[in-house]
Amino acid sequence: MRLAAATRVYSPGQLGPEGLVFEDLDNDGRYDALEPGVAGVIVRRGDAKAVTDRHGRYRLPVTARGRSRIDQGSLRPGLVAHPVLSNDQTERLDLPVLPTGSVVVEMLIVADESGRLPEMSLEPVVVILRDETGFSWVGRRIGPNLAAFDGVPVGRYALAFNFASLREPLRAEEQTVTVRPHVTAEVKAPLRARVIRVFTPPARRTGGPAE
């Protein structure tokens, strides 16, 4: 048998205006009418904190000042606070969170224009996803040719590599990766050897008159 009782808790101070934690489906940082609220999220402002209700709404004391922050640990798996909040200096009420996805990148060494196919281990290669603001995520190596990105906010990313630890630098084509909500994208990344150009110096003239 289970017994339950409801009670009402009164705040010791006057509450301020209502805010909202919402899932920013179009990644624009602004609330749109069809974007759902997120329940059970802890919002902090200074020493004050509140928990969102089942509609994603919350209210903090009117005396609370400063930048509103989302407690990342209170978000359910698959959601992260929107990066715009990290640089926000305003007392924002509506706080966006982003759904996340995953990416697995498979690196493939392919022949260059001359048919040369270098043989080397790709274990030291650092795989990077870079968003439009320049923020970067570094892949977690899960195999000799594989790197995984977990919990990446939805959006479009440039795929980049750091070949500094290889005995022979490689080159990669420009490639864009799209991260979708709660989906694992599989990306193949062809890598080629750098083009080697050999220049023959001009022949020195001999047998001419002495200067």
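The values are calculated or read from the model by the stated rules, or taken from the named source; none is laboratory data. Since this is a predicted model, take the numbers as computed values, not measurements. As a convention, Cβ positions derive from the backbone with ideal geometry for all residues, glycine included, and neighbour counts pool all protein chains shown. With ligands, DNA and RNA removed, areas are computed over all heavy atoms of the protein, side chains included. Shrake-Rupley method; radii C 1.70, N 1.55, O 1.52, S 1.80 Å.
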Report task. At 1.4 Å probe size, with every protein chain present, just tell me what the per residue accessible area of region 120-180 comes to in Å². Result -> 56
Query raised in the report: Where the centroid of each part is defined by its Cα atoms, how far is region 98-152 from region 44-74 in Å?
Result: 38
Query raised in the report: Using a simple spin-label model with points 7 Å from Cα along the Cα→Cβ vector, what separation in nm is obtained for residue 140 and residue 39?
Result: 2.9
Query raised in the report: On the accessible surface of region 1-158, probed at 1.4 Å, how many percent belong to carbon and sulfur atoms?
Result: 53
Query raised in the report: Which residues' amide hydrogens lie under 5 Å from the amide hydrogen of residue 141, considering only partners 5 or more residues apart or on another chain, with H built in the peptide plane?
Result: 148
Requested in this report: Pull out the extension gain between residue 182 and residue 113, defined as 0.36 nm times the separation in residues minus the alpha carbon to alpha carbon distance; nm, one decimal.
Outcome: 21.0 nm
Query raised in the report: Roughly how much of residue 161 is accessible, in Å² to the nearest 10, using a 1.4 Å probe?
Result: 40
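How many percent of the alpha carbon pairs in region 39-119 exceed a separation of 21 Å?
Working: 1432 of 3240 pairs.
Pairs farther apart than 21 Å: 44 percent.
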Query raised in the report: Of 138, 177, 62, which has the most accessible area with a 1.4 Å probe, and how do the rest follow in descending order?
Result: 138, 62, 177
Query raised in the report: With charges set only on the Cβ (+1 for Lys and Arg, -1 for Asp and Glu), what does the dipole of region 37-95 come to about its Cα centre, in debye to the nearest 20?
Result: 100
Query - Alpha-carbon Debye profile of region 51-97, log10 I(q)/I(0) at 0.20, 0.21, 0.33 Å⁻¹ - result: -0.74, -0.82, -1.44
**Report entry** Heavy-atom accessible area ranking, 1.4 Å probe, most first, across 146, 25
**Finding:** 25, 146
Query raised in the report: Applying the Karplus parametrisation 6.51 cos²θ - 1.76 cosθ + 1.60 with θ = phi - 60° to the phi angles of region 138-154, what ³J(HN,Hα) value in whole Hz is obtained for each residue in order, glycine and proline being reported as x?
Result: 9, x, 9, 6, 10, x, x, 10, 10, 9, 10, 10, 10, x, 8, x, 4
